[in-house]
Structures are given as C-alpha cells and as structure tokens.
1. Would you please name the residue that is surrounded by the most Cβ atoms within 10 Å (Cβ to Cβ), looking only at residues in region 181-201 that are closer than 30 Å to LEU284 by Cα and in contact with a Phe, Trp or Tyr (Cβ under 7 Å, 6 or more places away or on another chain)?
2. For GLY141, all conditions in the list (1) touching a Gly at 6+ places or on another chain (Cβ under 8 Å); (2) surrounded by fewer than 16 Cβ atoms within 10 Å (Cβ to Cβ) hold save one; what is the number of the exception?
3. Could you check region 253-267 and list, in sequence order, the residues that are assigned to a helix (DSSP H, G or I), surrounded by fewer than 16 Cβ atoms within 10 Å (Cβ to Cβ) and of a type outside the set (A, V, I, L, M)?
4. Among the numbered criteria (1) part of a helix (DSSP H, G or I); (2) at pLDDT below 95, which one does ALA191 miss?
5. I need every pair where a residue in region 279-298 that is over 21 Å from GLU19 (Cβ atoms) has its Cβ under 8 Å from the Cβ of a residue that is of a type in the set (Asp, Glu), sequence separation at least 6 or different chains.
6. Mind listing just one residue for me: the one in region 329-360 that is over 19 Å from the mean Cα position of the chain (by Cα) and of a type in the set (Asp, Glu) and, of those, surrounded by the fewest Cβ atoms within 10 Å (Cβ to Cβ)?
7. Please enumerate the residues belonging to region 274-305 that are outside any helix (DSSP H, G or I) and more than 15 Å from ALA205 (Cα to Cα).
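The values are calculated or read from the model by the stated rules, or taken from the named source; none is laboratory data. This one's a predicted model, so the numbers in the text were calculated from it and none came from an experiment. Because the Cβ atoms are built from the backbone with ideal geometry, glycine has one as well, and the counts that use them run over all protein chains shown.
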Amino acid sequence: MFFWKNRNKKHFTVRFPEESRKECANPGRGWYHIYTFTLDKRDTDGLLYQPFWDDETLVLVRFDIGAYRGKELPKEALAYADEILKCFHCYGKEVILRVLYDTKGKGMEREPTLFSMILTHMRQMGAVVRAHKDDIFVTQGLFIGNWGEMHGSKFLDQEYIRKLYAAWREAIGPDIKIALRKPSFCRMAVAGEDGELAPGVFDDAIFGSENHMGTFGQKHRDDSVWTEDWCIEDELVYMRETCGLVPFGGEVLFGQEAPVKEMLLSLKDLRVTYLNSIYEGQILDQWKQMEYGEWGSFYQYIGAHLGYRFVAEKAVFYTDRIEIEIANTGFSNICDKAELALVKENMDGTEDVYTADYDIRTLSGHETAKIIFPLSGLQDGKGKYYLKLTRCRGKAEIRFANEGAGEQLYFR
C-alpha cells in the first residue's frame, strides 16, 4: 500500500520480486506433443483419453486426409475434424495445426495427382479451422510433401506455392498465423518483398546440421535471387524483419555439437517459441542430464524460456506517472497482441485501470523496456497496485515470471 504524504515529492522506487526459477505456464509458448488423427477413421472413444500431458499448453494436431487424395472431403471427415478441435478447446490447449496427406515419408505417392484437388481440400478444411480461430496457435505447411513438411512433393515450385498459400490464407481468414518449412518458401508465397503478407517459418531440423538439414542455404543474400535459400545469418535477419509476429519452432535434431552458450544464443537468434518435447530423444535426454544451476537441468531452463518470459523489475512513482521496467528473459517476443494494464485498488473497493500505450510484441527476447503509465490525481489517493497482462486473442491471462506472481502481479 502506498500513500503520497508530500505532493511535491518527485518519486520513489518500488522493486518487484525477483525472477522465479520455475516454469511459468503461459499461452502460446512451450513444449508440445504430437496428436495424429486419420480423418477417414473416426475414433470418438479415443478423444475421451486426450490430451495426455496436462502441463503443456500447446499440442501439434495432424489431420491425415490421404484417404481423400482423389475426392472431396466428406461431411463426416469435416465433422470429425471439428470434434477434435472442440476436444482440445475443452482442455484449454492451443493447437499447432498441420493438415497432410502423408505420415510415412511418401508424399509423392499420397498427395493428390490433381493440383486443383488440394485447393478444394483447403477451401473445405478452412471453414472448420476458421470456426476455431481463437484456439489455433499457428498452422504449419500447405498440406503437401512428406509428413506435410513441404519436401518430397511435386508441387514445390514458386507458382504452386504462391497459389497454395493464397488459397489457404483465403480459406482460414486473415487472423490465423501460417508457417512454412523454409524462409525461401515464405518469399515464394508472396509477391515481391511484401512483408506484411509473408508467413513465418517452422523448422523440424533445429541443430540437425549447420544449415538445419536444408532449412537454410549457403550463399549470401547479395549473391542470390529473392526466392533462393540464403545462409543462416541472412535468413535470420529476414525472419526477424519480416516474420517477427509469427512464432518460430519445431523439433531439435542431434547433429551439431555446440557449447551451451552458443546453443542458447542460437535459440534466441531463431526466436524459438515452441519445441517437440519427445523428439529427438538423443539430444533432449542429453539436455535433461545436464545440470544448470538453480534451474535444475538445461532442459528445464530451455523449457522455461521458450517464447516470451516477462519479468517486472522495478516501478518508479512520479507525481504524474509511473514508469515500469519490464524485461523479457525468454528467447522470443510474444507474437500475439496483448494489453498491459496497471490497476489501482482503491480503499473503497473500486479500481482504476490504466492501460499502457505500448505494443509489448516489440519487446524482444533478452531485452528490457521502460513503460510509462500517465496518471492524474495519484498523489491524492492510497491503495494497492498490480500489473495485469492479457492476450487479446481469447482473452487469455499472461503471468509474469516473478517469484510468487499469479494472474495479478502486486507491487511490494
């Protein structure tokens, strides 16, 4: 509780509790498991036992529509897809969605012969997905290729990718985020250098090799054309400038041997927000066995810092404003619009709410921002203050990672 005894006093400083050394379960970030559903084989009883991992807020849901490679999706298949998404909604899970024709690495055999059939499937599936837009974290791929990962397909040239992306974007609407397998595919998907329409990237070969098993190229941007693969340094710049509001994530592979500091720097440079929690076991088991100070294991540290992790550091009270310093100790910025509010609890039980004129999506990983809340009449009242952060999509509450913080972070 604070009380202004001297109206002429310029300011005083309040420190928040230090950063917790525990996981802070927040929406739109973290570890995930994969759930695969074959839409021509409805298993209603199976949905009663899913999801299995209560501590994960994300799930990767794969819809296998390979049985319909030569025909339209029937109403039963679409109804089953809708039922699956409703199931995960009931358990408060956000969905990374991948629609695919192949789950065995045989994309050429399983995807449709006619390109027009893929466009038809996109239009049909889009209506289902759009109905659950608040629960869709990101969609991956454009239906094609081995495992839906956009390799091993006959539809990978620029003209096909542009048409597929345009069809899927139209089908699911403007609000759902889309990620493709490589940055070069993102450049193929949109005309010229129109970054506003560009999708983001997912990477299922993080640390698998120097170029992440083909996710990136070898040549510099200056020595390449727009739609070629560039070296990782140039692609990181492109993704930060163009894909910064689409979450990046996927799977880690055992391949590159790197010191801990270099590995953490790579995760930050890539803005890694979500990772598969069981694949690849060799590197994940290695992380789990590595001690990492107060965090327990290196695996636990990485899990706690996937995506954003906001820590309020201090608040300085002035007669006309409060300045609050907030650090993001995670690997990435938050990719969804969120509203940061300072709330004053008055002695009479009422509340005054002050909303920050600040887009917290601009606060990158390992950076700190000073946020100003203009206040009038603060010196005339007394009460308690707390911070509240709410993601606009779905009105989900975001917890600060300070020790002891709940949905409301009170000043000490």
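1. To start, the set of residues in region 181-201 that are closer than 30 Å to LEU284 by Cα comprises 181-186, 199-201.
Checking which are in contact with a Phe, Trp or Tyr (Cβ under 7 Å, 6 or more places away or on another chain) leaves us with 181, 183, 199-201.
Working: ARG181: 25, PRO183: 26, PRO199: 25, GLY200: 24, VAL201: 28.
The qualifying residue surrounded by the most Cβ atoms within 10 Å (Cβ to Cβ) is VAL201.
2. Against the list (1) touching a Gly at 6+ places or on another chain (Cβ under 8 Å); (2) surrounded by fewer than 16 Cβ atoms within 10 Å (Cβ to Cβ), GLY141 comes up short only on (2).
3. Just the residues of region 253-267 that are assigned to a helix (DSSP H, G or I), to begin with: 260-267.
Among the residues that remain, those that are also surrounded by fewer than 16 Cβ atoms within 10 Å (Cβ to Cβ) are: 260-262, 265.
LYS261, GLU262 - these are the residues of region 253-267 that are assigned to a helix (DSSP H, G or I), surrounded by fewer than 16 Cβ atoms within 10 Å (Cβ to Cβ) and of a type outside the set (A, V, I, L, M).
4. (1)
5. TYR279/GLU251; GLU280/GLU251
6. Residue satisfying both the conditions and the ranking: ASP348.
7. Here is the first cut: in region 274-305, the residues outside any helix (DSSP H, G or I) are 274-280, 290-292, 296-297.
Residues satisfying the conditions are MET290, GLU291, TYR292, GLY296, SER297.
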